[in-house]
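The block underneath contains the structure these notes are about, expressed in structure tokens.
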């Protein structure tokens, strides 16, 4: 008899609460908590509340091949004046370099527009010289997460901690190459998650992000 798989968490709020317990050693420090995209903000909000930290969003976008929206060659992340572009491993360096010249025309305007909508016109949190906790929801593509950390790095933070509620051994290892520390309470499998991350599959929208940031 096949046993039913059990999700790691009920929803992103529960995942954030669990992560917060792993990050309490940073409470009271000069901390900024940044969620990667809408899902990341939903996980990051309970962490920021528990640590008494500032909460912000990293606007991110996958970069796809022309006419092939399912074929991602890289990702872009925006924070303040910087946009960081990261090519996906195995995408082909020659093609990636050629495509970078077209990113501003194809994706930059939409990425900046998304960033502005998320923050309702407010400026981003200052992260220079601070401890920055970058939070993903466990469903985000690795290349997108790498772009997010790289965008933060360009602002010269004192330290970058990457927190995700669930991930594979490989994903955590790869993130450890770009972050100073990786926090992942549930590591399941080497290359692929053995269980779903959330039992509640509700998506997080722009209005949800704006509400969490304003709160």
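No value in this document is a laboratory result; all are computed from the given coordinates. Being a predicted model, the structure only gives us computed values, none of them experimental. So basically every Cβ, Gly included, is an ideal-geometry build from the backbone, and we count neighbours across all protein chains shown.
Among the numbered conditions (1) surrounded by 22 or more Cβ atoms within 10 Å (Cβ to Cβ); (2) closer than 20 Å to residue 42 by Cα; (3) touching a helix residue (DSSP H, G or I) at 6+ places or on another chain (Cβ under 7 Å), the only one that residue 171 does not meet is (2).
On the stretch given as the stretch 49-74, residues that are part of a strand (DSSP E or B) and under 30 Å from residue 130 (Cα atoms) total 11.
Counting only residues that are farther than 20 Å from residue 129 by Cβ, more than 15 Å from the chain's Cα centre (by Cα) and not in a helix (DSSP H, G or I), the stretch 1-48 holds 11 of them. Residues of the stretch 75-87 that are within 15 Å of residue 148 (Cβ to Cβ) and either part of a loop (DSSP other than H, G, I, E, B) or in contact with a strand residue (DSSP E or B) (Cβ under 8 Å, 6 or more places away or on another chain) (or both): 75, 76, 77, 78, 79, 80, 83, 84, 85, 86, 87. Remark: residue 152 falls outside the filter, which requires a residue to be surrounded by fewer than 18 Cβ atoms within 10 Å (Cβ to Cβ) and either touching a residue at least 24 places away in the same chain (Cβ under 8 Å) or in contact with a strand residue (DSSP E or B) (Cβ under 7 Å, 6 or more places away or on another chain) (or both). If you check residue 181 against the conditions, is it more than 23 Å from residue 213 (Cα to Cα), surrounded by fewer than 24 Cβ atoms within 10 Å (Cβ to Cβ) and either touching a residue at least 12 places away in the same chain (Cβ under 8 Å) or over 14 Å from the mean Cα position of the chain (by Cα) (or both)? Here the answer is yes, as residue 181 does meet what is asked.
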